[in-house]
Amino acid sequence: MSAFDGFRNAYFSIEPFLDICVLTGILYAIYQILVKTNTLQIIRAALVIIVVYIVVFVLRLEVMMFILEKITPALAISIVLIFQDEIKKFIQKIGQMNLSFLNKDTRHTYAYDIVKAAEELSKRKKGMLVVFERGTNLDHLIETGTKLNADISSALLLTIFSFETALHDAACIVREDKIIAAGCFLPLTTRSDLKKTFGTRHRAAIGTSEQTDAVVLIVSEETGAISLAYDSKFDYDLTVEQILPTLDKLLNNDSEKGQAKKEPADKEKNE
């Protein structure tokens, strides 16, 4: 038996296992996208229609079968129209998938400075909106603001958001260790289940997390609450101790964790 025949036989023996692994990975990725984009509603609607078809077919209800055959095209179009936002987000999420495990970096070295500025602005009841770019390129949002390409510092963020400047009402976008732009306008969410007290900042943060994979840090001007929006989720009114490890995890930081674990209050007193 040649080496090639041996390799082929070995491959044939593990082929079913590889098949299952690949299929499982694909199904898991699709499930994660469905959960993040609320597309499960579409799946539920489709399952209801399928169950109705099965019941009608098994019971041989000819009148119902005739009616269903006639309205099926209209149902398909209706589903697309009703769930067009979810379908759009699902397609966008597929396009945003990236092999992040091949591109690990250490971003939390500057996350502390941003959270420190958020903590100070929270005390002053000043609003803040900072977008952390991840896999999805945010050039289309950067173009709506003023490009800075500045080193990240708490002082700069306090200057932008503390005073009545032309930039303080919109968002800063962070790429790697730079504030790339300020005064950027973000897409608003169309969700109707949000609290009426949530203003434009919160809706813009959630909208950005729905359409991209970015992480958005928000400080409420009315309450001073610090929140995070990511993957279509919204964590409201977090403490600094909760925000730092969450940011560290979301931004794929695996090194220098000691810096992220420092107590913000202690560091504030030393300065």
For region 120-127, in residue order, the Karplus 3J(HN,Hα) values (coefficients 6.51, -1.76, 1.60; θ = phi - 60°; whole Hz; Gly and Pro = x) are 5, 5, 4, 5, 8, 6, 10, x
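A 24 angstrom limit on the alpha carbon distance is what I want to check against. Which of K126/K249; K125/K196; K116/K178; K126/K178 exceed it?
K126/K249
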In whole Hz, the Karplus estimates of ³J(HN,Hα) for region 56-69 (6.51, -1.76, 1.60; θ = phi - 60°; x where Gly or Pro) are 5, 5, 5, 7, 6, 8, 5, 5, 5, 4, 4, 5, 4, 4
To check my understanding: the extent here is largest minus smallest coordinate of the Cα atoms along each principal axis. What are those three numbers for region 165-242, in Å, largest first?
33, 27, 25
Spelling it out for I152: with amide H atoms placed in the peptide plane at 1.01 Å from N, the residues 5 or more places away or on another chain with amide H under 5 Å from its amide H are I179
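Take the Cβ-Cβ distance between A155 and R44 as r, set R0 to 45 Å, and report the resulting FRET efficiency rounded to the nearest 0.05. Could you put the intermediate results ahead of the total?
Values: r = 50 Å, r/R0 = 1.11.
Once rounded, the FRET efficiency stands at 0.35.
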State log₁₀ I(q)/I(0) for region 205-252 at q = 0.25, 0.28 Å⁻¹ as given by the Debye formula over alpha-carbon point scatterers of equal weight, solvent excluded.
-0.91, -1.06
Place the peptides 53-59, 16-22, 141-147 in order of packing, highest mean first, counting for every residue the other Cβ atoms within 10 Å and averaging per peptide.
141-147, 53-59, 16-22
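Return the loop-located chymotrypsin sites (Phe, Trp or Tyr not before Pro) in region 130-167 (DSSP other than H, G, I, E, B) with at most 14 other Cβ atoms within 10 Å of their own Cβ; answer none if there are none.
Details: sites: F132, F161, F163; in loops: F163.
Hits after loop and neighbour filter: F163.
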Would you kindly derive the ³J(HN,Hα) couplings of region 134-147 from the backbone phi angles with the Karplus curve 6.51 cos²θ - 1.76 cosθ + 1.60 (θ = phi - 60°), listing them in order in whole Hz, with x for Gly and Pro?
10, x, 7, 5, 10, 4, 5, 7, 4, 5, 7, x, 9, 6
Take the Cα pairs of region 113-243, get the Kirkwood Rh, then feed it into Stokes-Einstein at 25 °C and 0.890 mPa s and tell me D in µm²/s.
172 µm²/s
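Values quoted throughout were computed directly from the atomic coordinates according to the rules given, and no laboratory measurement underlies them. This one's a predicted model, so the numbers in the text were calculated from it and none came from an experiment. Cβ sites come from the backbone with ideal geometry, for glycine too, and all protein chains shown count toward neighbours.
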